[in-house]
1. Give, as residue ranges, the helices (runs of 4 or more DSSP H) completely inside region 92-166 that count at least 3 residues that are touching a residue at least 12 places away in the same chain (Cβ under 8 Å) and among the hydroxyl-bearing types (Ser, Thr, Tyr).
2. Being surrounded by fewer than 20 Cβ atoms within 10 Å (Cβ to Cβ) and under 22 Å from the mean Cα position of the chain (by Cα) narrows it down to one residue among ALA109, ALA79, ALA103, ALA128; which is it?
3. Which condition from (1) touching a Ser or Thr at 6+ places or on another chain (Cβ under 6 Å); (2) surrounded by fewer than 23 Cβ atoms within 10 Å (Cβ to Cβ) is the one that SER7 breaks?
4. Quick check on ARG63: is it farther than 24 Å from ARG346 by Cα, part of a helix (DSSP H, G or I), in contact (Cβ under 8 Å) with a residue 24 or more places away in the chain and among the basic types (Lys, Arg)?
5. Quick test of your reading of the structure: ILE347 fulfils all but one of (1) over 17 Å from the mean Cα position of the chain (by Cα); (2) among the aliphatic types (A, V, I, L, M); (3) at pLDDT 90 or above. Name the failing condition by number.
6. What number of residues within region 355-394 satisfy the criterion of being under 30 Å from ARG272 (Cβ atoms) and free of Cβ contacts under 8 Å to residues at least 12 places away in the same chain?
7. What are the residue pairs meeting all of these: first residue in region 310-338, first residue closer than 17 Å to MET389 by Cβ, second residue among the basic types (Lys, Arg), Cβ atoms under 9 Å, and 6 or more apart or on different chains?
8. For the subset of region 231-256 comprising residues that are over 27 Å from ILE285 (Cα atoms) and of a type outside the set (Gly, Ala, Ser), which member is surrounded by the fewest Cβ atoms within 10 Å (Cβ to Cβ)?
Amino acid sequence: MVLVFASHILLARSLSAEEYGFLAYSFELIGLVAVLAGLGMANVAVQVVPDYRINRDGVALRRFLRMGIAISVGGVAIAAVVLGVYWRADFVPDDYPASLLIATIFSLAAMVLLRFVQEIMRGLRRIASAQVVEQLAWPTVLTILALLQFMALARFSVPEILIFQALLLTAGFGLLASHAIRSLPVSDLEVRPAKEAWRDVLAVGLPLAGSASLTVFLNRGDVIALGALATPQQLGYYAAAARVAGLALFGLAAANAASAPLMREFWTSQSRAELQSIVGRTAAIATWFSLPLVLICVLVPREVLSVFGDDFLEAAPALRVLAAGQFINALTGPVGPMLVAASRGRIYLAFTALAAILMIAMLLVLVPIFGLLGAALSAAGSIALLNAMLAAYAWKMLGVRTIALPSDLAATGREVTVLISSLIRRLAGKKDAG
């Protein structure tokens, strides 16, 4: 995430505000549509792969992998048609080129397939391998492209940047898929007929796809809406503020990636003490990580946005509001993964649909009046409502507290302090030895 943030700073300073707005819009569009186009296969993998691994049901795992790829390809084809209609209806930013739409669709297809295989790998406890492509390889390549552009050593158009992304993610999908196949357990267990499995997987996956896409809309819909309601330049300014505020969720995202498969295992085995422990620790990590950044964004937003360029200072009020909303998101912990682990996909869908409806209504009312600040108020308010509802449901109906208590924060704080102290001692020892 740090590399991605650095690359966006370089791109914002080397591209025009309009070009950066187009690029940011395309990235957000890919992130939103990829969840829906996958038809919930990545979310289903979170539920079923740990179960298959525990039961050593390699036959079912292989069939699920083939099935998920086929369903994902079909979903991408449908999404491509919908995006074409969306572009023809002129719901995109002004002067959004057809070449950029085509590049966006190619990158979307690669993202959908990669994220499905990533969840397979996480369920197989290959967490580090699952993260390499999206969290390391692509950010590194994007930073190199941005640095070359910033230093005027090369010039890349926005469609070319997205084509680079599509090629890298496609290669990553191929490597992870082959690694997943080699990692699957071998078994002779009897499995259900394929027709029944397809029906069952889609019955679980579609509600999860709906709820997950609505959740992503709550985090990205403000940028998507501004594509139709604001100028490309304003879109670029706001996208930079949203990118900064999104850094507050790095701790939550990292902790969720590691804990989601374990939450499913502890839920199915009724290990409530272990489940509460890992949920509380995840919430504490998210809270501690987000707090310093949120304080900086609230106290000195203009100074933070100045790294993108002086024109971006227009989004300073929006950054304050967005950062506060993301802190609430981090504070409430892994509420979404917890409901998915507990097979409450339909409940999750209902809550996210309610929050998404509120966000759309607020965007339509507040953006024409307050501009970028109205978009930020809409996003932060709807996210806060969603997380409050999910946290209350998890506590009342599942008996799981997703908000970190002072004891969780203190324990995690001590662990981080010990880790930092250990690193300092090691560095000091190496310096003395040298």
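The values are calculated or read from the model by the stated rules, or taken from the named source; none is laboratory data. Treat the numbers as computed from the prediction; the structure is a model and nothing was measured. Please note: Cβ atoms are built from the backbone with ideal geometry, for glycine as well, and neighbour counts cover all protein chains shown.
1. Filter on region 92-166 gives 98-123.
2. Only one candidate qualifies: ALA128.
3. Looking at each condition in turn, SER7 falls short on (2).
4. yes
5. (3)
6. Total meeting the criteria: 1.
7. Taking only residues 6 or more apart or on different chains, the pairs are GLY333/ARG401; PRO337/ARG264; MET338/ARG344.
8. Going through the qualifying residues, I end up with THR231.
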